[in-house]
Amino acid sequence: MDRTERVTLTNMCMITANHQILVLDRKDPTWPGLTFPGGHVEAHESFHDAVVREVKEETNLTITDPRLCGLKQFYDDQNQRYLVFFYIATKFQGTVKSSPEGNLTWMTQEELLTHQLAENFDRDLLVYFDQTRQEHLLDGERDEPF
């Protein structure tokens, strides 16, 4: 029995400072709305290095000591597994600069929840904000953080 499958590996990072969260308003028409910076893990790249690189590319910030806090998994339109590793970073250097991915804004958690979020991102936030949850599973029949 083959125990391997094709998997897309990605990350997303909630950056916080002074009770505010750095939010990305994505321009991508396939997943528009507010979310956190992040992107794909490249071949032979560690998950840590990938989240540091993606945050730098999308925000101009260099994060240190990002903490893995959970994950999301679902199957894409080609029925291949898609994993998103969720990180939190509180230490960084640099000045925020928007990228072609979208505009960046600092918001409180309360402000974030009143804006147009990317699809299913409200469920992702449960993993970030509720330390008893570690995973968001989307599989067609289920859409639940646990």
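From the list 80, 134, the one residue that fits, being under 14 Å from the mean Cα position of the chain (by Cα), surrounded by fewer than 15 Cβ atoms within 10 Å (Cβ to Cβ) and in contact (Cβ under 8 Å) with a residue 40 or more places away in the chain, is 134.
Which of the residues belonging to region 1-30 are under 25 Å from residue 75 (Cβ atoms) and either small (Gly, Ala, Ser) or at pLDDT 95 or above (or both)? Matches in region 1-30: 7, 8, 9, 10, 11, 12, 13, 14, 24.
For region 79-123, the set of residues classified as in a strand (DSSP E or B), among the small types (Gly, Ala, Ser) and within 19 Å of residue 29 (Cα to Cα) consists of 99, 102, listed by residue number.
Please count how many residues of region 50-68 are hydrophobic (A, V, I, L, M, F, W, C) and in a strand (DSSP E or B). Steps first, please.
First, the residues of region 50-68 that are hydrophobic (A, V, I, L, M, F, W, C): 50-52, 55, 61, 63, 68.
Cutting the leftovers down to in a strand (DSSP E or B) gives us 63, 68.
Selection size over region 50-68: 2.
Might you check whether a residue that is polar (S, T, N, Q), under 16 Å from the mean Cα position of the chain (by Cα), at pLDDT 95 or above and over 26 Å from residue 132 (Cα atoms) occurs anywhere in region 47-59?
Of all residues in region 47-59, those polar (S, T, N, Q) come to 59.
Filter once more, so that each one left must be under 16 Å from the mean Cα position of the chain (by Cα): 59.
When the remaining residues are screened for being at pLDDT 95 or above, the result is 59.
Within this subset, residues satisfying the condition of being over 26 Å from residue 132 (Cα atoms) are 59.
Yes, the conditions are met somewhere in region 47-59.
So, in region 96-131, of the ones that are touching a residue at least 60 places away in the same chain (Cβ under 8 Å) and among the β-branched types (Val, Ile, Thr), which residue ends up surrounded by the most Cβ atoms within 10 Å (Cβ to Cβ)? The residue in question is 105.
Conditions (1) in a strand (DSSP E or B); (2) surrounded by 17 or more Cβ atoms within 10 Å (Cβ to Cβ), marked per residue:
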residue: 2; (1), (2): no, no
residue: 8; (1), (2): yes, no
residue: 24; (1), (2): yes, yes
residue: 28; (1), (2): no, no
residue: 48; (1), (2): no, no
residue: 70; (1), (2): yes, yes
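The values are calculated or read from the model by the stated rules, or taken from the named source; none is laboratory data. From a predicted model like this one, the values you see are computed outputs, not experimental measurements. Here Cβ is always computed from backbone atoms with ideal geometry, including for glycine, and neighbour counts include all displayed protein chains.
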